[in-house]
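Trainee: Provided herewith is a single structure, encoded as structure tokens, for subsequent inquiry.
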Amino acid sequence: MIEASLRLARGAFTLDVALALPARGVSALFGPSGCGKTTLLRCLAGLAHAPGGRVVVDGQVWQDDASNVFVPTHRRAVGVVFQEASLFEHLDVRANVEFGWKRLALSERRVSMDEAIAWTGIESLLERSTPGLSGGERQRVAIARALAVSPRLLLMDEPLAALDAARKAEILPAIERLNALSGVPIVYVSHAIAEVARLADHVVLMDAGRAIASGPVAELLSRLDLPLPPGEDAGVVLQGEVGALDAQWQLARLDVPGAAFWTRDPALPVGHRIRLRVLARDVSLSLVEQPGSSIVNQIPATVEAIADDAHPSQVLVRVRTHAGSSGEPSALLARVTRRSAHALALAPGMAVWAMVKSVALLD
């Protein structure tokens, strides 16, 4: 586990959190600007000291003021990637990546140079000078440099915030590949729900210096009692696999607990693990199945909760699919007008059909 109990006052702002995160996968610190995400990350890195705090990573105590323990940043097995890559401009790419690696004792080198380079896909950049790199290339080099110090924890502070859409599309797969190949746990700071939906396994929702909710991404993003982004960004994340292929119509069936979605063939084999995002704007509700509809993804479900949406004319409805062969259901969010909710007399416990117009494959 990654455990942190921290309280740090900065003027009118106070960070006050107590967290226990899994020491695997990607844990996202999510919330609006100024909520304390970066301050928390700096405390984990040892770049800021929260008096009286405690930080333990995979059994190693990095801070415990009750025992007068504070491990400085350079002695913590941590890699940090900031919003700005901050590469050494006088060194080429290879020398940048080697900088920290050369300073490690041989016994501490758990990640090889070859691994750090391969995991981030920068083989073709090694002889390049850093001033000529694109923003996405610079960030991949920064990640490789952070990996080369053999971290037990990788901290990433909005590494995509300064990049345009094309560069983000370049680096997101690199971060996904990195987590899958290296096994190094990542704590990822972001205020972009799309990044969290794609990358995170676990989410901490922060507001005004506090962690107001923490849990698996699929569970947390489907809750209606939290200040998550309403409007166009509302939706759920589902984990599943490719269940079947229809070669005649170039379609694939994507199976998740308690539901299945037909979508265009993503050219993945049957059994391949996938992650889906279903936006509330793409889900409508009906009291009966609609056999004459062009919407083929019609899923029996039960209404669990109803909440206000961003505009007063609309509401968000959380429904739960029926248990599937795995014995587990899935949650979906639907956006409907308040008038439609009234006309259908929607209420918790009511049986409905979720009409899913489209799903997004995140892998």
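The values are calculated or read from the model by the stated rules, or taken from the named source; none is laboratory data. In this text the structure is predicted, and so the values were computed from the model without any measurement. Neighbour counts are summed over all protein chains in view; Cβ atoms, including those assigned to glycine, are modelled from backbone coordinates with ideal geometry. Each accessible area value is taken on the protein alone, full model and side chains, heavy atoms only, with ligands, DNA and RNA left out. Shrake-Rupley method; radii C 1.70, N 1.55, O 1.52, S 1.80 Å.
Yes/no matrix, rows are residues, columns are (1) within 23 Å of R210 (Cβ to Cβ); (2) crowded, with 20+ Cβ neighbours inside 10 Å; (3) at pLDDT below 90; (4) of a type in the set (S, T, Y):
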| position | (1), (2), (3), (4) |
| --- | --- |
| R24 | no, no, yes, no |
| A28 | yes, yes, no, no |
| P32 | yes, no, yes, no |
| V56 | yes, no, no, no |
| V61 | no, no, no, no |
| V71 | no, no, yes, no |
| R76 | no, yes, yes, no |
| E89 | no, no, yes, no |
| F99 | no, no, yes, no |
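Trainee: If you go through the stretch 86-106, how many residues are of a type in the set (F, W, Y) and within 14 Å of R128 (Cα to Cα)?
Mentor: Qualifying residue count for the region: 1.
Trainee: Here's a follow-up. (1) in contact with an Asp or Glu (Cβ under 9 Å, 6 or more places away or on another chain); (2) not in a loop (DSSP other than H, G, I, E, B); (3) not charged (D, E, K, R): which one isn't true of V236, the others all being true?
Mentor: Against the list (1) in contact with an Asp or Glu (Cβ under 9 Å, 6 or more places away or on another chain); (2) not in a loop (DSSP other than H, G, I, E, B); (3) not charged (D, E, K, R), V236 comes up short only on (1).
Trainee: Looking at (1) open to solvent by 50 Å² or more (accessible area, probe 1.4 Å); (2) out of contact with any Lys or Arg (no Cβ under 8 Å at 6 or more places or on another chain); (3) not in a strand (DSSP E or B), can you tell me which one R281 breaks?
Mentor: Of (1) open to solvent by 50 Å² or more (accessible area, probe 1.4 Å); (2) out of contact with any Lys or Arg (no Cβ under 8 Å at 6 or more places or on another chain); (3) not in a strand (DSSP E or B), only one is false for R281: (2).
Trainee: Just to be sure, is E170 closer than 30 Å to R320 by Cβ, charged (D, E, K, R) and either part of a helix (DSSP H, G or I) or in contact with a Gly (Cβ under 7 Å, 6 or more places away or on another chain) (or both)?
Mentor: Numbers: closer than 30 Å to R320 by Cβ: no; charged (D, E, K, R): yes; either part of a helix (DSSP H, G or I) or in contact with a Gly (Cβ under 7 Å, 6 or more places away or on another chain) (or both): yes.
Considered against the rule, which asks whether it is closer than 30 Å to R320 by Cβ, charged (D, E, K, R) and either part of a helix (DSSP H, G or I) or in contact with a Gly (Cβ under 7 Å, 6 or more places away or on another chain) (or both), E170 comes out as no.
Trainee: Okay, moving on. Just one of R273, R277, R338 is of a type outside the set (A, V, I, L, M) and in contact with a helix residue (DSSP H, G or I) (Cβ under 9 Å, 6 or more places away or on another chain); which is it?
Mentor: Sole residue among the options that is of a type outside the set (A, V, I, L, M) and in contact with a helix residue (DSSP H, G or I) (Cβ under 9 Å, 6 or more places away or on another chain): R277.
Trainee: Let me ask something else about it. Can you run down the residue pairs with Cβ atoms below 6 Å, 6 or more apart or on separate chains, where the first is in the stretch 8-21 and open to solvent by 50 Å² or more (accessible area, probe 1.4 Å) and the partner is among the acidic types (D, E) and modelled with pLDDT of 90 or more?
Mentor: Listed pairs, sorted by first residue: A20/E3.
Trainee: Could I ask something else about it? Looking only at the stretch 126-141, count every residue that is in contact with a strand residue (DSSP E or B) (Cβ under 9 Å, 6 or more places away or on another chain) and outside any loop (DSSP other than H, G, I, E, B) and tell me the total.
Mentor: 3
Trainee: Determine, yes or no, whether E241 is surrounded by fewer than 16 Cβ atoms within 10 Å (Cβ to Cβ), closer than 27 Å to E304 by Cα and modelled with pLDDT of 90 or more.
Mentor: Against the criterion (surrounded by fewer than 16 Cβ atoms within 10 Å (Cβ to Cβ), closer than 27 Å to E304 by Cα and modelled with pLDDT of 90 or more), E241 qualifies.
Trainee: Does R320 satisfy being open to solvent by 20 Å² or more (accessible area, probe 1.4 Å), in contact with a strand residue (DSSP E or B) (Cβ under 6 Å, 6 or more places away or on another chain) and either small (G, A, S) or at pLDDT 90 or above (or both)? If you could, list the steps in order and put the result at the bottom.
Mentor: On the way: open to solvent by 20 Å² or more (accessible area, probe 1.4 Å): yes; in contact with a strand residue (DSSP E or B) (Cβ under 6 Å, 6 or more places away or on another chain): yes; either small (G, A, S) or at pLDDT 90 or above (or both): yes.
Criteria met by R320.
One line per residue, one yes/no per condition, for (1) of a type in the set (A, V, I, L, M, F, W, C); (2) at pLDDT 80 or above:
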{"residue": "R128", "(1), (2)": "no, yes"}
{"residue": "I143", "(1), (2)": "yes, yes"}
{"residue": "D157", "(1), (2)": "no, yes"}
{"residue": "D164", "(1), (2)": "no, no"}
{"residue": "P173", "(1), (2)": "no, no"}
{"residue": "Y188", "(1), (2)": "no, yes"}
{"residue": "A194", "(1), (2)": "yes, yes"}
{"residue": "D201", "(1), (2)": "no, yes"}
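Trainee: Go through the stretch 142-167 residue by residue and tally those that are part of a helix (DSSP H, G or I) and open to solvent by less than 50 Å² (accessible area, probe 1.4 Å).
Mentor: Residues flagged as part of a helix (DSSP H, G or I) and open to solvent by less than 50 Å² (accessible area, probe 1.4 Å) within the stretch 142-167 amount to 6.
Trainee: Report yes if T73 is in contact with an Asp or Glu (Cβ under 6 Å, 6 or more places away or on another chain), closer than 28 Å to R177 by Cβ, in contact (Cβ under 8 Å) with a residue 24 or more places away in the chain and polar (S, T, N, Q), otherwise no.
Mentor: So T73 fails the test.
Trainee: Look through R198, R253 and report the one residue that is of a type in the set (D, E, K, R), free of Cβ contacts under 8 Å to residues at least 12 places away in the same chain and under 17 Å from R275 (Cα atoms).
Mentor: From the options R198, R253, the qualifying one is R253.
Trainee: Continuing with this model, one more query. Test of understanding: among V278, V315, V303, which residue is at pLDDT 95 or above and under 16 Å from R223 (Cα atoms)?
Mentor: Of V278, V315, V303, the one residue that is at pLDDT 95 or above and under 16 Å from R223 (Cα atoms) is V303.
Trainee: Can you name every residue in the stretch 181-233 that is assigned to a helix (DSSP H, G or I), open to solvent by 50 Å² or more (accessible area, probe 1.4 Å) and within 23 Å of R24 (Cα to Cα)?
Mentor: L181, A194, R198, E219, listed by residue number.
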